[in-house]
Every structure is written in structure tokens, then in C-alpha cells.
Amino acid sequence: SGQNFKVAGYIDYVGFKNFIQMFTDPKITGPFFQIFIWTFIWAGLSVLFTFAIGLALALVLNDRNMKGKKIYRTLLIIPWAVPAFISALVWRYGLFNETYGVINRFIIQGIFGGEPIKWLGDAFWAKIAVLIMNTWLGFPYMMTVSLGALQSIPSDLYEAASIDGAKPRQRFQKITFPLLLVTLAPLLVGSFAFNFNNFVGIYLLTQGGPAIAGSSTVAGSTDISISYTYKLAFEGRGQDFGFASAISILIFLIVVGISYVNFKLSGSFEEVNR
């Protein structure tokens with residue numbers, strides 16, 4: 001019991017081998033860049049959809065003459081209140097299930113009489129599925145921050161614009177949206193950085209699948225960089241910690257760049273606000 005045991009092994013210096021392999025091996029480069037590009041598309045579209053829907057709902061709820069606003073706000077914030085992993089599992093097994101899912105069985109087949117969609121088995125529809133789910137999870141946050149920003153805009157600006165004959169669309173373009181960006185632009189950049197590493201939403205819904213044909217690694221069509229790194233390190237035929245670490249360093253550098261842009265945007269918008 002007091003003996004010391006040593007595990008047999010060896011140390012090998014690989015230098016930049018994993019980084020070079022990332023950009024030179026065709027079986028790795030193709031899927032890697034496909035995942036890399038999809039990560040940016042995924043993060044960008046997630047921010048766009050959540051912000052657009054959240055802002056639209058905030059504009060509706062900001063109407064002083066609207067009745068029952070407290071009830072609507074409570075109902076619309078529910079997706080944000082429910083833990084993300086629970087929502088992801090509900091979407092996976094309750095809504096996007098090809099055979100028994102609500103969307104296929106009662107909407108696609110029941111109402112429209114169409115063929116069931118392979119939500120999680122087809123690369124295109126799997127990407128649509130993760131975007132739908134992430135929009136559902138993210139719009140309450142955007143609605144809340146947009147509503148707070150809208151209420152901080154002085155009403156005198158709208159009164160002056162009305163006197164000058166500005167229409168609602170012009171008031172939104174010239175007053176509402178520019179002043180919203182003063183507050184929300186850094187939050188949008190932060191939301192992009194969050195979705196860039198949003199492991200839970202991707203992994204629990206699709207586990208990165210379906211698999212990319214011809215790849216020598218565990219790459220999937222809906223994998224983002226962080227889920228691909230996790231699968232390299234802990235799944236597949238071999239646990240490639242070295243290659244996963246190389247991708248992690250690349251992700252770190254990208255997030256640093258996004259954070260830098262965030263700080264620059266915050267400073268520039270503060271100067272405009274002054």
C-alpha cells in the first residue's frame with residue numbers, strides 16, 4: 001500500500017505539428033474549415049434572429065396603451081427562465097423527433113399533409129433546427145434588454161419628431177434604432193461571443209451530427225468549434241488531446257479578438273453618446 005507506481009509511457013515533442021496538420025491534411029482541413037465557417041454563421045444568425053424578434057416584441061410591449069402587458073411579458077420570458085438543457089431535450093425528443101415529434105406529426109403531416117422532415121438526420125434541416133431552438137432560447141433576453149433601452153429614450157425626441165411631421169418608420173430609423181445601438185451594440189457583440197462557444201445548445205440537440213462524409217475525425221455538420229474540440233478530446237476512436245488543444249488555442253485567440261472589438265465598440269459608442 002505504501003509503494004509508488006509509475007505508468008510506462010513516453011514524451012514526444014510535436015511542436016506545431018497539430019497546427020500544421022489543421023491546415024494541410026485534406027481529410028482534416030475540409031471538415032475543419034466547414035465547421036469553422038458554420039461556427040461564424042451559427043453565431044451571427046443566432047444574434048440576428050434573437051435580436052430581430054426580441055426588438056419587435058419589445059416595440060409592441062412598449063406601447064403605453066397596450067393592455068395586459070405584464071401577462072405578456074411573463075409568458076414571453078418563460079423560455080429564458082427554463083434551463084437551457086431541459087429546453088434542448090424537449091426540442092430534440094418532443095418537437096424534432098422524425099416519427100413522433102409535434103412538428104412533423106401534427107403540423108407537417110397533420111395540417112399540410114407533407115412528408116416528415118428529417119430534422120436531425122439531414123445536414124440542412126439539422127442546422128435549421130439548432131437555429132430555431134437557439135432563437136427560442138435567446139429572444140427573451142434580447143426582448144428584455146431592448147425594452148429597458150426603449151424606456152430610457154426621452155419622449156421629448158418623439159414629440160419633436162411628430163411636430164416636424166416624421167412618420168413612425170422615420171422615427172424608428174432616425175431616433176429609436178440609433179439610440180438603441182448605443183446601449184445594445186456591446187451586448188450584441190457579447191452575445192456573438194457567447195454563441196460562438198455555445199456548447200450546450202448544439203451538443204444536446206444534435207450532438208454535432210449528422211456526420212460529415214469523408215472526414216477522418218469525428219466532425220459533424222452542425223458541430224461548432226467547441227463541440228468539435230470536445231468530441232476530439234473525449235469521443236471517437238482515439239482521444240486526440242493534442243489536436244483538441246490546438247483548436248482550443250485557436251478558439252481562445254478568436255474570442256480575444258471578439259472581446260477587443262467589444263471594448264472598442266463600447267468606447268466608440270460612449271463617445272457618440274457624449
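Taking every eigenvalue of the Cα gyration tensor of segment 145-274, multiplying by 5 and rooting it, what semi-axes result, largest first, whole Å?
45, 17, 10
So how exposed is TRP42, as accessible area in Å² (1.4 Å probe, rounded to 10)?
0 Å²
Distance in nm between label sites at SER259 and GLU98, each 7 Å beyond Cα in the beta-carbon direction?
Placing both labels 7 Å beyond Cα along the Cβ direction yields 4.2 nm.
Give the distance, in whole Å, between the Cα centre of segment 167-228 and the Cα centre of segment 80-103.
Answer, in whole Å: 19.
Cut-off 10 angstrom, C-alpha nodes, Gaussian network model of the chain. Which of SER46, SER152, SER215 fluctuates the most?
Its mean-square fluctuation being the largest, the pick is SER152.
Given an 8 Å cut-off on Cα distances and at least 6 residues of separation, report the relative contact order of the chain as a percent.
24 percent
Could you give the spread of the C-alpha atoms of segment 189-241 along their three principal axes, from largest to smallest, in whole angstroms?
Result for segment 189-241: principal-axis Cα extents of 35, 22, 17 Å.
Need the list of aspartates and glutamates near LYS174 for cross-linking: C-alpha distance under 19 angstrom, and skip anything on the same chain fewer than eight residues off.
Hits, sequence-local ones excluded: ASP63, ASP156, GLU159, ASP164, GLU270, GLU271.
Could you order PHE199, PHE96 by accessible surface area, starting with the largest, using a probe radius of 1.4 Å?
Heavy-atom accessible area, descending, gives PHE199, PHE96.
Choose one of ALA161, LEU120, ILE103: the residue whose Cα lies farthest towards the positive end of the charge dipole of the chain (beta-carbon charges +1 Lys, Arg; -1 Asp, Glu; about the Cα centre).
The listed residue farthest towards the positive side: ALA161.
With 5 Å bins from zero, work out the P(r) of the chain over every alpha carbon pair and list the percent per bin.
1, 5, 10, 12, 13, 13, 12, 10, 8, 6, 4, 2, 1, 1, 0, 0, 0, 0
Taking all pairs of different Cα atoms in segment 67-171, averaging 1/r and flipping that mean, what Kirkwood radius in angstroms comes out?
17.0 Å
Beyond 25 Å, what percent of the Cα pairs of segment 113-217 remain?
Above the 25 Å cut-off, segment 113-217 has 47 percent of its Cα pairs.
Accessible area per residue, 1.4 Å probe, Å², for the chain: what's the number?
I get 60 Å² per residue for the chain.
Could you tell me the accessible area of ARG73 in Å² (1.4 Å probe, neighbours in place), rounded to the nearest ten?
That residue has around 80 Å² of solvent-accessible surface.
Among the listed pairs LYS17/LYS231; LYS70/LYS127; LYS127/LYS231; LYS27/LYS231; LYS118/LYS231, which have their C-alpha atoms separated by more than 25 angstrom in this model?
Over 25 Å Cα-Cα: LYS70/LYS127.
Run the 1.4 Å probe and let me know the accessible area of TYR260, rounded to the nearest 10 Å².
Counting only protein heavy atoms, the figure is 140 Å².
Starting from the Kirkwood Rh over alpha-carbon pairs, what translational D in µm² s⁻¹ does segment 164-212 have by Stokes-Einstein at 37 °C and 0.692 mPa s?
It comes out at roughly 236 µm²/s.
Run through every distinct alpha carbon pair of segment 14-66 and return the Kirkwood hydrodynamic radius in angstroms, one decimal place.
Computed over segment 14-66, the radius equals 14.3 Å.
Return the Cα extents of segment 1-160 along principal axes one, two and three, sorted largest first, each rounded to a whole Å.
75, 48, 47
With only alpha-carbon pairs counted, each pair once and no self-pairs, how large is the Kirkwood hydrodynamic radius of segment 22-101 in angstroms?
Answer for segment 22-101: a Kirkwood hydrodynamic radius of 16.4 Å.
The values are calculated or read from the model by the stated rules, or taken from the named source; none is laboratory data. Quantities reported herein were computed from a predicted structural model and do not represent experimental measurements. Positions of Cβ are backbone-derived with ideal geometry, glycine not excepted, and every protein chain shown enters the neighbour counts. Please note that ligands, DNA and RNA were not included when accessible areas were found on the heavy atoms of the full protein model with its side chains. Shrake-Rupley method; radii C 1.70, N 1.55, O 1.52, S 1.80 Å.
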